[in-house]
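K.L.:
First, the structure itself, so that you have it in front of you.
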Amino acid sequence: YGLKLMDVGKIIETAIGGENVATTIEGRERYPINVRYLRELRDDPEKLKRVLVETPTGAQVPLAQLATLRFVNGPPMIRDENGLLAGYVFLDMTGRDVGGYVEDLKRVVAAKVALPPGYTIAWSGQYEFMERAKARLKLVVPLTLIIIFVIFYFTFQSVAETCMVMVGVPLSLVGAVWYLAILDYNMSIAVWVGLITVVGTAAETSAVMLAYLDEACKRRKEAGGLRTLQDLIETVHRGAVERIRPMAMIGLVDVVGLFPVMWATGTGADVMKRIAAPQVGGVFSAMILTLFVIPPVYVMWRWWKERRANQTSDTALSKKGGG
């Protein structure tokens, strides 16, 4: 008949379903003006079959000659993703992390569900957001560590001291993980944000301690009192003791400042608690690391460095005397 599918669809949409063509204004009220066939012309399937569709030649063709009309049961809504029909299965879960839960579901579905050709399964919702964030974190976390390393290398001009600063990163995470386990928090994006913050705090406290130890050794060496291992131990001990109060103040300020967040119950409190929890636990392990681990490691490295410098100096003097 020279008709297109759109021509028939237009008749069904406007003449049978109706179409708003204008709006009438009556004072402060607005009413749509809907145009369609009279009810007695569309209230029965047999009447619908007699609905006329105009062809390009001007002829009027009944709808029954262009389409088959029948009643079928269909979905109340048709969804699509990427141009393909999609069906959604909604799941609720509690007491587990999203990533582990979905991984278990994937194994069960792969073992027990046989998909027909052309069908695919995609996992969406919070799991999809978590996967995107995980992909970003794979770039952000190493980049953060590299930036911290470079900054402190330029600060201390020593790979060994920079490595001592970086040793504090994994040790500070011990307290964060323990506190998360005590609170029974699962891993999430908010927790990862808190862990990244702990990394910066641990590196900062370790760097401050190393700076004061360097300064104490420098003053003792200029005074001519840094000759034996015992002198070095006393110097480092004195420098570390001087930092106990400032370090304790830094830790308490961080913890006390985050306690109101841990006690919050309002909107967004769940997310904020999971950001703050790693910081609270990480501060304690970072303080222990700074006060009890960094000083002895520094003593061993500094004594090795001084002995190596003395041996180099003695070798140079012996060569000069021999010449």
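K.L.:
Looking for whichever is open to solvent by less than 70 Å² (accessible area, probe 1.4 Å) and out of contact with any helix residue (DSSP H, G or I) (no Cβ under 8 Å at 6 or more places or on another chain) here; the options are G251, G224. Which one fits? Steps first, answer last, please.
P.N.:
Details: G251 fails: out of contact with any helix residue (DSSP H, G or I) (no Cβ under 8 Å at 6 or more places or on another chain).
When all the criteria are applied, what remains is G224.
K.L.:
Mind checking which strands (runs of 3 or more DSSP E) fall wholly inside region 17-56 and carry at least 2 residues that are more than 22 Å from M6 (Cα to Cα) and without any contact (Cβ under 8 Å) to a residue 24 or more places away in the chain? Steps first, answer last, please.
P.N.:
Numbers: elements: 19-26, 29-35, 52-54.
Where strands (runs of 3 or more DSSP E) fall fully within region 17-56 and carry at least 2 residues being more than 22 Å from M6 (Cα to Cα) and without any contact (Cβ under 8 Å) to a residue 24 or more places away in the chain, they are 19-26, 29-35.
K.L.:
Taking I11 as the residue in question, decide whether it is without any contact (Cβ under 8 Å) to a residue 40 or more places away in the chain and not basic (K, R). Working first, answer last.
P.N.:
Numbers: without any contact (Cβ under 8 Å) to a residue 40 or more places away in the chain: no; not basic (K, R): yes.
Spelling it out, it is not the case that I11 is without any contact (Cβ under 8 Å) to a residue 40 or more places away in the chain and not basic (K, R).
K.L.:
Residue check: is K10 over 30 Å from I121 (Cβ atoms) and either of a type in the set (S, T, N, Q) or open to solvent by 90 Å² or more (accessible area, probe 1.4 Å) (or both)? Lay out the reasoning, then the answer.
P.N.:
Details: over 30 Å from I121 (Cβ atoms): yes; either of a type in the set (S, T, N, Q) or open to solvent by 90 Å² or more (accessible area, probe 1.4 Å) (or both): yes.
In short, yes.
K.L.:
I'd like to check which helices (runs of 4 or more DSSP H) are fully inside region 96-205 and have at least 3 residues that are among the β-branched types (V, I, T) and loosely packed, with under 12 Cβ neighbours inside 10 Å. Steps first, answer last, please.
P.N.:
Values: elements: 98-112, 126-156, 159-183.
Per the criteria, 126-156.
K.L.:
Something else: Failed condition for E215, given (1) surrounded by 14 or more Cβ atoms within 10 Å (Cβ to Cβ); (2) modelled with pLDDT of 80 or more, with all others met?
P.N.:
Going through (1) surrounded by 14 or more Cβ atoms within 10 Å (Cβ to Cβ); (2) modelled with pLDDT of 80 or more one by one, E215 breaks only (1).
K.L.:
From (1) modelled with pLDDT of 80 or more; (2) surrounded by 15 or more Cβ atoms within 10 Å (Cβ to Cβ), pick out the condition that doesn't hold for L229.
P.N.:
L229 satisfies all of (1) modelled with pLDDT of 80 or more; (2) surrounded by 15 or more Cβ atoms within 10 Å (Cβ to Cβ) except (2).
K.L.:
Hey, can you tell me all the residues within region 57-90 that are surrounded by 11 or more Cβ atoms within 10 Å (Cβ to Cβ) and not in a strand (DSSP E or B)?
P.N.:
Step one: of region 57-90, the residues surrounded by 11 or more Cβ atoms within 10 Å (Cβ to Cβ) are 59, 61-64, 66-67, 69, 81, 86.
Answer for region 57-90, where residues must be surrounded by 11 or more Cβ atoms within 10 Å (Cβ to Cβ) and not in a strand (DSSP E or B): A59, L63, A64, L66, A67, L69.
K.L.:
Go through (1) of a type in the set (S, T, Y); (2) under 21 Å from N186 (Cα atoms); (3) without any contact (Cβ under 8 Å) to a residue 40 or more places away in the chain; (4) open to solvent by less than 60 Å² (accessible area, probe 1.4 Å) for T267 and report which single condition fails.
P.N.:
(4)
The values are calculated or read from the model by the stated rules, or taken from the named source; none is laboratory data. All of these numbers come straight from a predicted model, not from anything done at the bench. Cβ atoms come from the backbone with ideal geometry, glycine included; neighbour counts cover every protein chain shown. What goes into the accessible areas is simple: the full protein's heavy atoms, side chains included, and nothing from ligands, DNA or RNA. Shrake-Rupley method; radii C 1.70, N 1.55, O 1.52, S 1.80 Å.
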